[in-house]
Protein chains: 2
Amino acid sequence: MLTKAKIKYINALSQKKNRTQELVFVAEGIKVLEEILTSDFKVKEVFCTKEVFNYFSTLIQKETELTEVLESELEKISFLKTPQKVLALIEQKEANLPFENLENKLNLFLDDINDPGNLGTILRIAAWFGIENIICSSDCVDVYNPKVVQASMGAIAGKNILYVNKLEFFQKVKAQTKLPIFGTFLEGNDIYTETLSNEGIIVLGSEAHGISPDLQAFVTKKLFIPSFAIQQQGVESLNVAIAAAIVCSEFRRR
Amino acid sequence: MLTKAKIKYINALSQKKNRTQELVFVAEGIKVLEEILTSDFKVKEVFCTKEVFNYFSTLIQKETELTEVLESELEKISFLKTPQKVLALIEQKEANLPFENLENKLNLFLDDINDPGNLGTILRIAAWFGIENIICSSDCVDVYNPKVVQASMGAIAGKNILYVNKLEFFQKVKAQTKLPIFGTFLEGNDIYTETLSNEGIIVLGSEAHGISPDLQAFVTKKLFIPSFAIQQQGVESLNVAIAAAIVCSEFRRR
């Protein structure tokens, strides 16, 4: 049974200010929750339909509250057009990412990525390519936005995701580390033939504006993804998540 | 001025049966239309707000009808949550793709891709990597679906997109050509080290089921995209459009 107060509480979590105040977020769907329930996230409450109740009762942690709900009740709390049998309330994790943890690793820096679908897809790509540290400029969409969680397919688990003031962050990186900083630019070197390392920070620019001008000076290696387009009719471009996949693939295959 | 009849006509184009009957589709947004207006698509009518009216009056073909509309009118015909200043009605093209046109080229075969966002993104990737022939199984989402057109950012232009009965198609390919057929499988060879050619058909499987069992026998070279995931907690997976980007990138960089 869902109380009216609980429905109101969950609906309010569509807004970042409420999520931040409660330090809670919503995740939905069987696959997403399987991923999150086997991670170090603390799941507070799970609401699911009869059909999957037994399954989730075996998956949840001891301290998790499990409630069976009707499909009609799930519709009232779901952020999806078609609710996916299960919805959970999960505690946000405090991000902790000291600079020594960036060393000897590939890390991603996301510069003003606004689209929740793109951020979620990039997290999924990062999981595939074994990149655990994701640093976001403060203007990126909130990682706990329900659409981000959904698009990530649960790949927010197992990651350190930190929001920073971007200029301060890169000034500190420059001062305190020798990490190479990679970014893609029209005038960069061909990523397919350039020497790449398995250590550093890969900067991904925003959908609309690319890497912001004030970050460009910090980039130590400019890369370029060549297009193989046949006709140069119009301007071909890559979605930022697609560019991320190609860049990560190139770094990892070496 | 938009008549009631015109509004009704455009709204009806959200459905495939009406698009197929009229042989017309809808595209929206400045970038998408810039792409389509410089292609060989025949644009029948353009509806735009005052702000961009002069711009589009210079872009359109002679036979295209241009109508200025109020934002409130555009809202009534737009398929987007936030209308993008311009919407056009465009003639569908008849697909024509003889087998000789598949030779000496990389071609994509899409096996039951249902998600319009994925199909649109794959078309954009194909444009980037210079792949002009896209063969779709008859269960793929309609390429003229407004969400596909939108996600493609206009990259439906300049392509040959053919819908086929998939078994018949591959039986004919086997009988009439020597084209290699590539597909990704868990038990395939590492795509990063395998020899790849710039001729053949790359089969991309559906989001939910991968390449369908009845097509697997036609694949002459099985490939595998290795994961670099750190923890094997849960099952990492790639969205089909992301996998398409990595596969196309590997074929083209050689």
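The numbers here are math on the coordinates, done by the rules we state, and not lab data. As the structure is a computational prediction, the values presented were derived from the model and not from experiment. In this analysis, Cβ positions are derived from the backbone assuming ideal geometry, glycine residues included, and neighbour counts consider all displayed protein chains.
The relative contact order of the stretch B:128-252, computed from alpha carbon pairs under 8 Å that lie at least 6 residues apart in sequence, is 26 percent. If only the Cβ of Lys and Arg carry +1 and only the Cβ of Asp and Glu carry -1, the dipole of the stretch A:15-129 around its Cα centre is close to 120 debye.
Among the GluC sites (Glu not before Pro) in the stretch A:18-76, those located in a DSSP loop and surrounded by at most 10 other Cβ atoms within 10 Å of their own Cβ are A:63. Mind running the shape call on the protein assembly as shown? Use the C-alpha gyration tensor, a ≥ b ≥ c as the square roots of the eigenvalues: rounded below 1.5 for a/c, prolate if a/b tops b/c, oblate otherwise. Cα axes put the protein assembly as shown in the rounded bin. Taking chain A, the Cys residues with no second Cys beta-carbon under 4.7 angstrom are A:48, A:248.
Put a plus charge on the Cβ of each Lys and Arg, a minus charge on the Cβ of each Asp and Glu, and nothing anywhere else: the dipole of chain A about its Cα centre is then about 240 debye.
Under 20 Å from a point 7 Å along the Cα-to-Cβ line of residue A:11: which residues of the stretch A:131-162 have their amide N that close? Residues passing the 20 Å test: A:145-147.
Distances between equivalent label points of residue B:193 across the copies, with each point positioned 7 Å along Cα→Cβ, amount to 2.5 nm, shortest listed first. Say R0 is 56 Å: what FRET efficiency, to the nearest 0.05, do residue A:186 and residue B:76 get from their beta-carbon distance? Efficiency for this residue pair is about 0.90. With label points set 7 Å from Cα along Cα→Cβ, the inter-copy distances at residue A:213 are 6.0 nm, sorted shortest first. Note on the stretch B:140-253: Lys pairs 8 or more places apart or on different chains, Cα atoms under 17 Å apart, count 5.
Rounded to the nearest 10 degrees, the inclination of helix B:166-176 to the longest alpha-carbon principal axis of chain B is 60 degrees.
Across the stretch B:4-91, the relative contact order, built from alpha-carbon pairs under 8 Å that are at least six residues apart, equals 41 percent. Mind checking which aspartates and glutamates have their Cα closer than 14 Å to the Cα of residue A:62? Skip sequence neighbours fewer than 8 apart in that chain. Within the straight-line cut-off, residue A:62 pairs with A:40, A:45. Label separation (residue B:68 vs residue A:208): 2.6 nm, computed from points 7 Å beyond Cα along the C-beta direction.
For the rotation carrying A onto B, the chain A residue whose Cβ lies nearest the axis, with the distance in whole Å, reads A:245, 2. The 3J(HN,Hα) values that the Karplus relation (6.51, -1.76, 1.60; θ = phi - 60°) gives for the stretch A:244-250 are, in residue order, 4, 5, 5, 5, 4, 4, 5 Hz. Gly and Pro appear as x. The alpha carbons of the stretch B:99-253 give a radius of gyration and a Dmax of 14.8, 47 Å, in that order.
Projecting the Cα atoms of A:107, B:152, A:48 onto the charge dipole of the protein assembly as shown (Cβ charges, centred on the Cα centre) puts A:48 farthest toward the positive pole.
Placing +1 on the Cβ of every Lys and Arg and -1 on the Cβ of every Asp and Glu, with nothing else charged, gives the protein assembly as shown a dipole about its Cα centre of roughly 240 debye. Contact order for chain A, expressed relative to its length and based on alpha carbon pairs under 8 Å spaced 6+ residues apart, stands at 20 percent.
Residue A:207 sits among other residues whose Cβ lies under 14 Å from its own Cβ, and their net charge, with Lys and Arg +1 and Asp and Glu -1, is -2.
Measuring nothing but alpha carbons in the stretch B:31-86 and taking Rh as the Kirkwood radius, the Rg to Rh ratio lands at 0.94. As a ratio to 2.2 N^0.38 Å, the alpha-carbon radius of gyration computed for the stretch B:174-254 takes the value 1.13.
Put in line by how crowded their Cβ is, counting other Cβ atoms within 10 Å and starting with the fewest, B:1, B:153 read B:1, B:153.
Ascending distances from the residue B:38 label point to its copies in the other chains, with the point 7 Å along the Cα-to-beta-carbon line: 4.8 nm. When chain A is described by a simple charge dipole with +1 on each Lys and Arg Cβ and -1 on each Asp and Glu Cβ, the residue from A:67, A:33, A:97 located farthest towards its positive end is A:67. Between 0 and 90 degrees, the angle of helix A:50-59 with respect to the longest Cα principal axis of chain A falls at about 60 degrees. Sites listed here are chymotrypsin sites (Phe, Trp or Tyr not before Pro) in the stretch B:165-254 whose DSSP assignment is loop and whose Cβ has at most 11 other Cβ atoms within 10 Å, and the list is empty.
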